[in-house]
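*Asks:* The structure under discussion is supplied below as structure tokens; questions concerning it will follow.
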Amino acid sequence: MPSDTGTLAEALPAPPVALAQSLALFLDLDGVLAPMAPTPDAVMADPRRTAVLRRLDHALDGRLAVVSGRTLDEIDRIAGRAALSAAGVHGLERRRRDGMVDRPPAAPGVAQALAAFQRFAADRPGVLVEDKGISAGLHYRQSPASADEALVLARELADTSGLTLQPGHMVLELRTPGADKGGAVTAFMAEPPFAGATPVMVGDDLTDEAGFRAAGALGGFGVLVGPHRATAARYGLRDVATVMDWLEAVAAEAGQ
């Protein structure tokens, strides 16, 4: 894996468009389809994003899924309900194209984690707690000085609750054990309309590495968005704007 520093464009080549007609696309949301925001609810639907996703879904004959740490409801809100297939909470909940949803029951430790996170946030302005039902998130983007203490708390809770610790961009999440983004990609690829296509996972953070590895194991590849780091992705794109331009090119090529 590459380990030098610098912009991603200098480290990894841009993904090809020529394969468009055979692709199955799996797209993360925050940092990929939408810019990062100070708070989760600050990310809104965008007409261009929704239009591109709908065009891709049509051009790829339905081989499009959003795979995000967000819940399915949040994916639908931000993506304008343009992704019929979607996986939320890092792959724990998954909606098939026919609308059927696979979701495990919440582990008992989620309530414990939520209560502990709320106590932690109570006297730390800017720290936010997110209840996803089957997971609990602790956001400290607006309170970066809380990062070390938040990590200590999350690790202690993971040890005592049996929950899975999922670090992200300025967020720590404790979730019900189960599938990750790689598991979601693998499950989609075993079903129509994805089966037999070339899987491509586009993501930006460590939670997407499992998706990159799954896509590679199934004959496809990963695309890392943002600054260069060691990664299982084969290709790279600079930022959200570059992702949108690439997706538009894929839609145009696949629709021919």
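*Asks:* What are the pairs, 6+ residues apart or on separate chains, where a residue within the stretch 128-150 that is more than 24 Å from Glu93 (Cβ to Cβ) has its Cβ under 7 Å from a residue that is assigned to a helix (DSSP H, G or I) and of a type outside the set (Phe, Trp, Tyr)?
*Replies:* From the stretch 128-150, the pairs are Tyr140/Ser146; Tyr140/Ala147; Tyr140/Ala150.
*Asks:* Name every residue in the stretch 14-45 that is touching a Gly at 6+ places or on another chain (Cβ under 8 Å) and open to solvent by 60 Å² or more (accessible area, probe 1.4 Å), in order of residue number.
*Replies:* The answer is Ala14, and nothing else.
*Asks:* Of Leu151, Leu138, which residue is on the phi < 0 side of the Ramachandran plot, buried (at least 18 other Cβ atoms within 10 Å of the Cβ) and not hydroxyl-bearing (Ser, Thr, Tyr)? Break it down stepwise before answering.
*Replies:* Working: Leu151 fails: buried (at least 18 other Cβ atoms within 10 Å of the Cβ).
Exactly one of Leu151, Leu138 is on the phi < 0 side of the Ramachandran plot, buried (at least 18 other Cβ atoms within 10 Å of the Cβ) and not hydroxyl-bearing (Ser, Thr, Tyr), namely Leu138.
*Asks:* Tally up the residues in the stretch 83-131 that are under 30 Å from Leu60 (Cβ atoms), open to solvent by 40 Å² or more (accessible area, probe 1.4 Å) and of a type in the set (D, E, K, R), please.
*Replies:* Of the residues in that region, 5 qualify.
*Asks:* Could you list all residues from the stretch 154-170 that are at pLDDT 95 or above, among the aliphatic types (A, V, I, L, M) and either outside any helix (DSSP H, G or I) or open to solvent by 60 Å² or more (accessible area, probe 1.4 Å) (or both)?
*Replies:* Leu163, Leu165
*Asks:* Next question. Kindly provide the set of residues from the stretch 184-231 that are touching a Ser or Thr at 6+ places or on another chain (Cβ under 8 Å) and acidic (Asp, Glu), ordered by number.
*Replies:* Within the stretch 184-231, just Glu209 meets the criteria.
*Asks:* To continue, here is another question. Which one is nearest to Gly137 (Cα to Cα), of the residues in the stretch 14-58 that are part of a loop (DSSP other than H, G, I, E, B) and touching a His at 6+ places or on another chain (Cβ under 8 Å)?
*Replies:* First, the residues of the stretch 14-58 that are part of a loop (DSSP other than H, G, I, E, B): 14-19, 28-29, 31-33, 35-39, 43-46.
Now narrow it down to the ones that are touching a His at 6+ places or on another chain (Cβ under 8 Å): 31, 36, 39.
Numbers: Gly31: 17, Met36: 16, Thr39: 12 Å.
Out of the qualifying residues, it is Thr39.
*Asks:* Still on this structure: Just to be sure, is Phe188 touching a Phe, Trp or Tyr at 6+ places or on another chain (Cβ under 8 Å), in a helix (DSSP H, G or I), within 25 Å of Leu12 (Cβ to Cβ) and open to solvent by less than 10 Å² (accessible area, probe 1.4 Å)?
*Replies:* Spelling it out, Phe188 is indeed touching a Phe, Trp or Tyr at 6+ places or on another chain (Cβ under 8 Å), in a helix (DSSP H, G or I), within 25 Å of Leu12 (Cβ to Cβ) and open to solvent by less than 10 Å² (accessible area, probe 1.4 Å).
*Asks:* Oh, and also: So Ala87 ticks every box in (1) touching a residue at least 40 places away in the same chain (Cβ under 8 Å); (2) closer than 14 Å to Leu174 by Cα but one. Which box is left unticked?
*Replies:* (2)
*Asks:* May I pose another question? Please give the number of the condition Leu247 fails out of (1) surrounded by fewer than 17 Cβ atoms within 10 Å (Cβ to Cβ); (2) within 21 Å of Ser85 (Cα to Cα).
*Replies:* (1)
*Asks:* Another question, then. Quick check on this structure: which one of Gly62, Gly80, Gly69 is surrounded by fewer than 19 Cβ atoms within 10 Å (Cβ to Cβ) and in contact (Cβ under 8 Å) with a residue 60 or more places away in the chain?
*Replies:* It is Gly62.
*Asks:* For Ala37, work out the one condition from (1) touching a residue at least 12 places away in the same chain (Cβ under 8 Å); (2) closer than 24 Å to Ala154 by Cβ it doesn't fulfil.
*Replies:* Result: Ala37 fails condition (1) only.
*Asks:* Out of the residues in the stretch 205-230 that are within 18 Å of His90 (Cα to Cα) and not in a helix (DSSP H, G or I), which is most open to solvent (accessible area, probe 1.4 Å)?
*Replies:* Asp205
*Asks:* Return yes or no: is Glu173 outside any helix (DSSP H, G or I), surrounded by fewer than 17 Cβ atoms within 10 Å (Cβ to Cβ) and in contact (Cβ under 8 Å) with a residue 60 or more places away in the chain?
*Replies:* In short, no.
The values are calculated or read from the model by the stated rules, or taken from the named source; none is laboratory data. Remember, predicted model here, so these are calculated numbers, not experimental data. Virtual Cβ from ideal backbone geometry, glycine too; neighbours counted across all protein chains shown. For the accessible areas, the whole protein counts, side chains as well, though only heavy atoms, and no ligand, DNA or RNA atoms are used. Shrake-Rupley method; radii C 1.70, N 1.55, O 1.52, S 1.80 Å.
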